[in-house]
Structures are given as structure tokens and as C-alpha cells.
Amino acid sequence: MAQLNSLFVARDSPIHRLNPLTKLTLTGLLLVTGLFLPGVLTNYLLFLGVILPLSALAGVGRQLLSSAWKIVLPFAISVFLIQGFLWPQGTPLVYIGPLSLKSEGLQFAVVSTGRILMIVSSFLLFSLTTRPDHLMNSLSRIGFPSNLAYVIVATIQIAPRFQSRAVTILDAQRARGLETEGSLRTRARALAPLVIPLVLSSLIDVEERALAVEARGFNRQGTRTFLVEQAEAAWEPAGRWLMVLGMAAIIGLRVYLAVSR
Amino acid sequence: MSRLREEFTTITWVMIPVAIAINIAVGTLVYTAKIPFVYLDSIGTVLVGVLCGPWAGLLTGLLSNLIWGYSGLNPAYTPYFLVGGVIGLFAGLFSRWGWMRTWWQAILAGAITGVIAAACSAPITAYLYGGVTGAGTDMITAFFRSMGFENLAANFLQGLAVDPLDKAVTFLIVFLIARLLPLRFIARFPHGEDLRPAEVSPATD
């Protein structure tokens, strides 16, 4: 069972040392560039020219490739089969039985796969190199609500515990004779005995948690100070503004192209 | 504004991460146990919408997909965060309108939410991901594509074939869970009173 954990891989690299805000802005710039610039191969060039080299520099190239492969491959297979063969009208390239591979569908599939690859790998680059608590710390400094920061960090801590509880419940119900394999009907009937105990047991400590966070000043108003200092290179704030300008320029260019056509 | 503040009490803020973890744990459990026809990855979102209110449900749905993506479990889910938010919002609204008090109204509310969810996710699948999701449900999309529907229509019809059932089961499970929880626990939440069956008077708690 896939466990939710932070994807973060600890390394001592220039990318890891960047302020999380700088990496977040870079992710935004990558997404805007890939989604707004025209061209069949734009997203592949972004992946090969920017995302992959940066991940290699961060020492997480292998992790990025293997995660991206696992996520993008099923998409790619689906999109090539469905759009390649089932494109309504178009120029047929190859005939296989009653079906034919259309060139328009194929081109659409190439563009879509590139887009999925770019979206998935730029998110992966960010989460492979950024610790969740560092991200929340730097977001809080620029006025991100502390309640939301609590929600994100707490989820990343709680989810793996619930997931291992799910495995325990699955094993326990099987040991008591619940059939979870076989026909569709058998598997559908396993639904309630698995899901309801999991949800109910997850709700047990909600009240105690509420008392615990209140006792630690959760609703305290006013400014807060930070325990951990955030170091960043001198160029980073200017770099972030440049990237924001870059995003605006790309969106502007796209609007100009669309209007002038 | 005051309505918004009244939804976000401490217990709501504590409930949201628990709810997102429920989404993730039940979603992966259903996937691992190969339970057919449903995903059930929004039970927590619906639970918050029902217990805490529509705006809290909206926030839970939005954050759920964002965290699901950031954690690396599946970054491809991130762009669907609006769909998650809409599900939580409607769960809260239906509960406020009293639809979570009987089992058949809960099923109906879930089915309607499913239609809305299908309408919200179809454009994302069609325009961002080239009309596929990389899951088994792509077979349904392929069927509609082969009948000559364009991407957006085929994705919406695929959603209509899957989402209303999934959300109806989700809402029914939340209805059952709300029945199994102690009244004292439910009363701690901002909108717990929306769940009380008509025959139970508030004073008997």
C-alpha cells in the first residue's frame, strides 16, 4: 500500500539550501511556461532542459525519474490508445484491424503526455527537495495563516498512522472471516466492515486534540516570533521577483498571440 | 463573515487534518482491497462539510488534493483541487438544508453532488490531461470516444457513469457514521445540530 509521507529526500545541495519560497516560485514559473507557451515539444524541452538538470544537481534525479515514470506511464498509454485510435476525423497513418492510427490524434497525445510529464515532474522536484516544516515556516513569515500551516503539517503526520491502521483493520477483518477476494459482489460487500471501523477509530481523539492545541495557544491573536531562523542567499528575493515578472511576461505574450491571430 | 467565523472553531481546525487523512487512508484502502465501482476518497471532506459547515468543507476539499499532490502520493491529483472543494461545499449545503437526516435523502444528495463533481472534473481532464486519467475508468471514456463524442463530452459522460454512484455511497457512509457517533461528540461541532433526526428533541442529550 502506498504510504503518504513527505517525499523529501535529505541532501546537502544548492537546491535544498534555497528558500522554499524561491522553489515554490520556480514551480509556478515552470507551470506557467509549460501551460502557456505554444509548441508541441515545449514541455519535453522544459523537462529535459530545466527540471531534470536541477534534480540531478539536487542529487534526486533517480527518485524524480522513477516517481514520474510510475505516474506518467499509465497516462501516456491511455492517451495514445484513446486519442491515437479513437480520434473522430483525421489522417489515418496505420490500420490495425477496424481501427486506424490518426496523425492528429497522435500529435494531441504527444502534447498531452508532455504536459502531464511537466506538471508531475515540477511538483516532484519541489517536494523532493523541500521539507514540509521549512515550507510552512517560510510561508508563515510572509503572512500565511498559522491555522492552515497547522492543517498541512498535521495531515502529513497523521496520514501514515491512519494508513497503517487501515492495514490492521483489513487483516483483522480477514482473520474474522471477511471475504475480500473473489467476485465483484463479494468485494463490494466487504466495503462497510472495512471503511466504517476505520473512520470511527480515526475520530476518537479529535476532542483531545482540540483541547491540546487550545492549551498551546492555537487561537492566540497577534504576531508570533520564530524559533528557527531562515537563511537565504542575497539574490533570492530579487530572483523571486524576476520569476514573477517572467510569469507575467509569458501570460502577456500568450494573450498577445491569441488576440493578434 | 460572522457565518464564516462561526464555522471555523478550534474543533473544526483540528478535524480538517483528520478528515484529509481519512480521505487518504480510506481511498488507498478501497484501492488496495479492490472494492469495485467506488473510490471513496472524499469521506473526510463530506464529514467536515456536514459537521462543520459548507465553507469548512470547501477548504477541506481544496487542501486535500493539494496535500495529496505535495506529499508525492500523486501530483497528478493536484489540479483537481477545485472538484474536492465543490464536493465539501455541497455536502455542507445539503446538510444545512436537512438532507442528511434520512438515508434516502443522503443518497440523493450524494448523487446530485456526483453530477456536479463530474461537470467540474471533465474540463480539467479534457483540457489539461488530454482526456484521460490513467485509471481503469479510461475504458468508459474510450467507449464514448468510439461513439464519436468529443473529449469534453466523453469525459463528462465518463464522470456521470462513475461519480454519482461514488458520491451516493460516500454520503450514505457519512450518514451511517453520523448515526453511530455519540450525540455528545456531534454536538461539539458548529453544525452538529443539522444532523439530529427530527424526532430527537435537542433537550434529551
Checklist entry - Among A:V79, A:V72, A:V120, which is under 27 Å from A:R17 (Cα atoms), touching a residue at least 12 places away in the same chain (Cβ under 8 Å) and surrounded by 18 or more Cβ atoms within 10 Å (Cβ to Cβ)? => result A:V120
Item to check | the stretch A:172-203, residues that are within 18 Å of B:T170 (Cβ to Cβ) and over 32 Å from the mean Cα position of the chain (by Cα) | outcome: A:R189
Checklist entry - Looking at this structure, is A:S55 under 27 Å from A:L24 (Cα atoms) and of a type outside the set (A, V, I, L, M, F, W, C)? => result yes
Checklist entry - If you go through the stretch B:42-59 one residue at a time, do you hit one that is in a loop (DSSP other than H, G, I, E, B), more than 19 Å from B:D163 (Cα to Cα), more than 8 Å from chain A (Cβ to nearest Cβ) and in contact with a Phe, Trp or Tyr (Cβ under 9 Å, 6 or more places away or on another chain)? => result yes
Checklist entry - Within the set of pairs 6+ apart or on separate chains, which have a first residue in the stretch B:22-41 that is within 7 Å of chain A (Cβ to nearest Cβ) and on the phi < 0 side of the Ramachandran plot, a second that is surrounded by 19 or more Cβ atoms within 10 Å (Cβ to Cβ) and of a type in the set (D, E, K, R), and C-beta atoms under 6 Å apart? => result none
Checklist entry - What is the residue count in the stretch A:163-190 for residues that are surrounded by 16 or more Cβ atoms within 10 Å (Cβ to Cβ), hydrophobic (A, V, I, L, M, F, W, C) and at pLDDT 90 or above? => result 3
Next on the checklist: For a quick check of your reading of the model, give me the residue pairs whose first member lies in the stretch A:188-205 and is under 10 Å from A:L170 (Cα atoms), whose second is of a type in the set (G, A, S) and assigned to a loop (DSSP other than H, G, I, E, B), with beta-carbon atoms closer than 9 Å and at least 6 apart or on different chains.
Outcome noted: A:A190/B:A33; A:L194/B:A33
Next on the checklist: basic (K, R) and free of Cβ contacts under 8 Å to residues at least 24 places away in the same chain: is that true of A:R174 in this structure?
Outcome noted: yes
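The values are calculated or read from the model by the stated rules, or taken from the named source; none is laboratory data. These numbers come from a predicted model, not from an experiment. Cβ coordinates were reconstructed from backbone atoms using ideal geometry, including for glycine residues, and neighbour counts include every protein chain displayed.
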